[in-house]
Structure formats: C-alpha cells, structure tokens
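One structure below.
Nothing in this text is a laboratory measurement; each read-out follows from the coordinates by a stated rule. Note that the structure is predicted; figures quoted are calculated from it, not measured. All Cβ positions, glycine included, derive from the backbone under ideal geometry; neighbour counts span all protein chains shown.
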C-alpha cells in the first residue's frame, strides 16, 4: 500500500501580520491645510502598508476635517493609490478653514462659531474608524489634538512647504518648494543682468524664513530678507547702490512673504475671519520695489511666486521622505502608540506628542549656520 503524501504548504507572497499591541481594524486618513507636494506619497504609503502588511480597512476622508464633520469618506484600496506617488496635490482633497473646535455654522441666518468635535467623534465611530492618520501642518495638528482630547486616536504626519512645524528638523514639501523657488530665481538672474535691474522675488513661508533662506543661498541672491531678521530699508538701498558703484549693475533680492522692517509690520494681503490662520500675507515685494526705486533711482521689478511653490511633482527627496513618514506612522499605530507626530530628528525617524506641536511654529535662528555662511560670503540680510 502506497504511503500517503503529506500536503505541501505553500507560502503566500504577502503575509498579513497580526496586530501586535492594538485592536485596530479600520483607519481613516485625511490631508488638511494647504496643499503640498508629497501628500499623495504619504496617502499611498499609509494605505499600502495598512492593507498589504496588516490587512486593515482604510477609509479616505474627503477635504480634511470638513469631510469628518460632514461624514464624507470612502474606501481606499491599493489600486486607488497606485500611480499617485509622483502626483502633486492630494487625491483626498483638503481644506484650511475647518477647525472642529471652532467651526462656523449658521442658525436662523446667523453665523455662530461652534464646537463640532462630538459630531466628528460620532461620525468616526459610525464609520468604524479606530484611528486616523492626519497629514498636515500646525493648524491641522491643533485640530487633531482637540479631537484626541475627546478620545479619538490620531497619528500625525508633518506636512508644510514652510518647514515651520515644531519637533521635526524637516517636513516633506519643503524641498520641492525650495527647488521651485531656486529655479525661478535662477531664471530671474538672467533677465536682471540683461536689463540692469533690481529684481525682488517674494517666496512663501508665512512667519518663518526657511524657504527664503535656502532658496536665497542656493540661487546666490545678493540680499535675503526673512521674518526672523527685521531689515533696515537704508541698509538695503546702500547695499544695492554699493554693488552698482562696483560695476554690479543688477541685484537679486529674495524676500519671505512675512519679512518686515525694523519696528514695522508684515504686509497683509487679506484677512479670512473663518480660517484658523486668518492673516494672508503677501505683497512685500511690491512694497520694496517701490521704496528701493524711489531711494536709489534704480529700476526695480517685483516677482511674486505664490502658489506655484505648492504645486507640481514632488522632488525625489520629498517622495522618499513622505513614504518613510507614512509607513512609520502606520507602524507606530500598530504598536499601540496614538496621538503622536512622526518627526525626523538628527536624520532618524522618531515621534513626539501631538499636543507639543499644536499651534506652535519653528522659525529660523538668526545664528543658524546657513545664515552665518551666507553672511561670510557677502550676502546681506538687510540688518
């Protein structure tokens, strides 16, 4: 009688890991605040890690916290996040006007600022969400921290082109914005030298000068102006005139949108009352062009880069950083950690309490090594 053959065990190509220290089965993912290169890379990394490694269900929340407030979310599958790594923007949509703690609602035609966090918790529970991966900047993390206080677990991922989020040495989106700004400054350099003009290029950054500093140094700008080092208009004009007297018939000035003169104020473009950050900065380049031309009699032109810095394909650096952040966020959740922010410190991934970064920003130290290097090679900061 022939011996019975033992059944052959086959290995699956993508084994699903058991959740080690958590009962998480369904997660939500949302993108909040301004759009930023690399958002889709995070969504992709979170979704694929959750499904492929842990067998979780992933729900995409539409338009940031607005989608959570209005219960607009849909299932995310691996095929939904395929081919989005190189795409700018966010497939989920975003909003920078929906803070659950201070949400504008209308009652009998009258607008009232309302705390709708309980409504968000209810919607999340009804959709079966055990935790939410929240991708955003300081305002978004403030909203997440407020919901965490009500018992909804969060994991934050730092996003902003401004690079001003506390707790991390870099945010994804920043590198792409610097590359975009530097490319624009390089192009402006040729037209400035051809027409013997003073070209003033305004970059984003809100209340921090990270983009202006890095793009200014990378492009060889003659003057860099940023919020952390208030400028003196006379010093600026003297620097430009001195270059002109020495045969340098053009000058390039990189200015952060939040730059301001000594004992002066930032230039505010408009105020949006319902926004968590109501001030919209912008227009300092136009102000400076008028002032410098009047004082020096040299022809000046202003260039405001604006939202082009937020758009387009993320750089290779931002794609890899965003992928690392997204994967690490999911791993932390599955280890039982919640209400933390994924960060990079000294080149390594780490995490800090969400409440530590809410409503706080990281600005440039005036003694920053790059500032010192720029000064040493002759760059003026207008002070």
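Once the Cα atoms are used to define both axes, helix 174-195 deviates from the longest principal axis of the chain by about 20 degrees.
Nearest-5 percent of antiparallel DSSP beta bridges in segment 176-310?
On the way: 4 of 19 bridges.
So the antiparallel bridges in segment 176-310 amount to around 20 percent.
Using r as the Cβ-Cβ distance of residue 290 and residue 369, and R0 as 35 Å, what FRET efficiency do you calculate, to the nearest 0.05? For R0 = 35 Å, the calculated efficiency reads 0.55.
Which shape class, rounded, prolate or oblate, goes with the chain when its Cα gyration tensor gives a ≥ b ≥ c as root eigenvalues, a/c under 1.5 marks rounded, and past that a/b bigger than b/c marks prolate? Write out the running numbers ahead of the final one.
On the way: a/c = 2.76, a/b = 1.82, b/c = 1.52.
Verdict is prolate for the chain.
Taking 0.36 nm per residue of separation and subtracting the Cα-Cα distance, full extension of the segment from residue 113 to residue 23 would add 28.9 nm.
Run the numbers for residue 271 and residue 233: contour at 0.36 nm per residue of separation, minus the present Cα-Cα distance, in nm. Intermediate values should be presented prior to the final figure.
Working: separation 38, 0.36 × 38 = 13.68 nm, distance 2.61 nm.
Length difference between fully extended and current span is 11.1 nm.
Kindly work out what percent of the DSSP beta bridges joining two residues of segment 24-134 are antiparallel, to the nearest 5. List each step's numbers first, then the result.
On the way: 9 of 17 bridges.
Around 55 percent antiparallel, to the nearest 5.
Annotation: the antiparallel percentage among DSSP beta bridges lying fully within the chain is about 40. Note on residue 383 and residue 106: the model spin-label points, each 7 Å out from Cα along the C-beta direction, lie 4.8 nm apart.
For the chain, the longest principal axis of the Cα atoms and the long axis of helix 316-334 meet at an angle of about 40 degrees.
Could you tell me the calculated FRET efficiency between residue 317 and residue 376, based on Cβ-Cβ distance and R0 = 45 angstrom, to the nearest 0.05? Once rounded, the FRET efficiency stands at 0.95. In this simple spin-label approximation, residue 169 and residue 346 carry label points 7 Å from Cα along the Cα→Cβ vector, and these lie 0.9 nm apart. In the chain, the longest principal axis of the Cα atoms and the axis of helix 138-148 are about 30 degrees apart. Summary of the geometry: segment 35-95 and segment 312-383, compared by the centres of their Cα atoms, lie 21 Å apart.
Nearest 500 deg cm²/dmol is fine: what mean residue ellipticity at 222 nm does the chain get from its DSSP H runs of n ≥ 4 alone, each adding -39,500 (n - 2.57), divided by its residue count? Computed mean residue ellipticity for the chain: -10000 deg cm²/dmol.
How much length would be gained if the chain were fully extended between residue 127 and residue 72, taking 0.36 nm per residue of separation minus their Cα-Cα distance, in nm to one decimal?
Working: separation 55, 0.36 × 55 = 19.80 nm, distance 1.00 nm.
Result: 18.8 nm gained on full extension.
In this structure, residue 331 and residue 248 have a Cβ-Cβ separation that, at R0 = 56 Å, corresponds to a calculated FRET efficiency of about 0.60. The average projected area of segment 234-352, computed from the convex hull of its Cα atoms over all directions, is 12.3 nm².
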